[in-house]
Amino acid sequence: MTGGSLGLRAGSYGSLPNIKNVIAGGGRLLHSKSFGSVRKNPIIMLSGSREKERSLPSIWYRYLGRRKFSMLLLVAFAVLVFVLGSFVVNKESNSPNVDQRIGTMSMAHYINATRNEASRILGRRNRQKGGDGNRFQASVSKGANHPCANFTFPPPPPPHLRRIGPRPCPVCYLPVDQAIASMPSSPSESPVLHNLTYVHDENPIKTEPHGGSDFGGYPSLKQRNDSFDIKESMVVHCGFVKGSKPGHQTGFDFDESDLAELQQFHEIIVASAIFGNYDLIQQPRNISEEAKRNVPFYMFIDEETEAYMKNRSMLDSSKRVGLWRIIVIHNVPYSDARRNGKVPKLLLHRIFPNIRYSIWIDGKLQLVVDPYQILERFLWRQNANFAISRHYRRFDVFVEAEANKAAGKYDNSSIDAQVDFYRTEGLTPYSEAKLPIISDVPEGCVLIKEHIPITNLFTCLWFNEVDRFTSRDQLSFGIVRDKMMAKVDWHINMFLDCERRNFVIQAYHRDLLEHMPPPVAVIRHPPALPNIITRERNQGKKIPRHGKDRRSGSRHHHKASAGNREGNFF
């Protein structure tokens, strides 16, 4: 995105004024009731019109007539208003305030005097030489001097005009160059944990009657509890327990050419996945040229989705579909496509061991804001290293569990078993006592992450819960977060869900799109001829002509039609 993005889904909250009884009169709008119903003396009317003609240049009335002259005045007035309005808008757009464009707040002018120095970019890091990396010597100042410091949400519409359901809301983004300049020059400090390694087991054995898999291993309850005891060095289960490295004979395997691609260093990546041919690829929009050069977009698909795309000629040997670089997964570990999707979603740090930041979006979402702007808004500006939106309606795990059961999202007995287990561990319904924690339930379709040991541990343990219990990751998010926060000074930026809807647009799943009926064509009927009934009633009546009205019938008919159009306009 380049300073602006799609935000609010604009709707009309206004209506045209009621002008049914308003007509034109002498360059102003008058109500029809202001005209008397008493017939005036023709002599008085004639003398009055002659006096008006004498007060204006007679040449205009001679060649244009009074009606056309009035219309000319209206047109001139409209042009004047348009010019003055354009001048005011241009004047305001040059001010250093935050502009609202298409429902989003975009900083068009940076008020910090050090803008040029902050935009200066160092070269990409030479990892072998231990270079400084693709970092920036200066960063955009935060606090009171930040261009978005004074941003506030606009007031909500009146209750009778509010739209039902979740909607996007304005977000204040920096322009792309300023967002790039605000990237931290060094990784964030990982509290307590500095060295994180992972369990390797070629023959995982299930020893307890609980969940787990050959892909994620079968950690015992003791191993699970020990993984929440955060220390400086830790070894935990985190998927890919088999094989020499993630993606090679692990049960979630990549082609050799893709393995080499995934080992490369990148400051930022954007990732998504489609398994079970469940969604259609959504192309990102509003992506800056800088991001197109430096931020790769990776789409993980299984063999079923690959076959569909090849049959539709959507995928060829280049392995690219628009901005997306396609990574095909072989030997998927689960029969459930949604559970397979949790592997790249939660374990990106294992698939990409050499990246700093990642933005994960579910396959049904379309990204419409530049990645640099998203990271600046939700991580760098907040001094956070993990960000996720809260659920737009529910903030209690127990309420979320009942909603999942009612919607048939998963087997009800499995949901009950998971929630009952968390209850025995001390999970309680959400209340104000948990403040400043504002929600226990995320909307987990977008993850924004800095890859440091503490955040990698969080997603490892979150994945282990998904592997052990149900694949509904909203149910296990809160328990993992709370257990980690009880041990270490660390937090997650849970932003508003309407802000998430500002930078991603949700599409329908493929099966729904294919079964939707075609759009209904709108038939526009031509407008009815004006005053047809009136002319039929007056047919056969002789209308007297006076003075200048004594002209040809065609000219008189043309003039009457013009009058009718003007009356319809007002």
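The values are calculated or read from the model by the stated rules, or taken from the named source; none is laboratory data. Keep in mind the model is a prediction, meaning the values are calculated, not measured. In this analysis, Cβ positions are derived from the backbone assuming ideal geometry, glycine residues included, and neighbour counts consider all displayed protein chains. The area values use the complete protein model at the heavy-atom level, side chains included, leaving out ligands, DNA and RNA. Shrake-Rupley method; radii C 1.70, N 1.55, O 1.52, S 1.80 Å.
Using a cut-off of 21 Å between Cα atoms, the listed pairs Lys231/Lys342; Lys449/Lys483; Lys292/Lys319; Lys405/Lys483; Lys342/Lys434; Lys206/Lys483 include Lys231/Lys342; Lys405/Lys483; Lys342/Lys434; Lys206/Lys483 as exceeding that distance. In terms of packing, defined here as the mean over residues of other Cβ atoms within 10 angstrom, the peptides 220-226, 467-473, 413-419 line up highest first as 467-473, 413-419, 220-226. Each peptide in 151-157, 349-355 gets a packing score, the mean of other Cβ atoms within 10 Å over its residues, and the list from highest to lowest is 349-355, 151-157.
Element breakdown for the stretch 192-515 at a 1.4 angstrom probe: carbon and sulfur atoms account for 47% of the accessible area.
Taking the Cα centre of the stretch 192-515 as origin, work out the dipole magnitude from +1 charges on Lys and Arg Cβ and -1 charges on Asp and Glu Cβ, in debye rounded to 20. Write out the running numbers ahead of the final one.
Working: 39 positive and 45 negative charges, 104 e Å.
Using only the charged Cβ atoms, the result is roughly 500 debye.
Heavy-atom accessible surface of the stretch 192-515, averaged per residue, reaches 39 Å², computed with a 1.4 Å probe. Averaged over residues, the count of other Cβ atoms within 10 Å places the peptides 324-334, 357-367 in the sequence 357-367, 324-334, highest first. The trypsin sites (Lys or Arg not before Pro) found in the stretch 256-312 that occupy coil by DSSP, while having at most 10 further C-beta atoms within 10 Å, are Arg312. Is the stretch 192-515 rounded, prolate or oblate when judged by the Cα gyration tensor, a ≥ b ≥ c being the square roots of its eigenvalues, rounded requiring a/c under 1.5 and prolate requiring a/b larger than b/c? Rounded shape, in that the Cα axes give a/c under 1.5.
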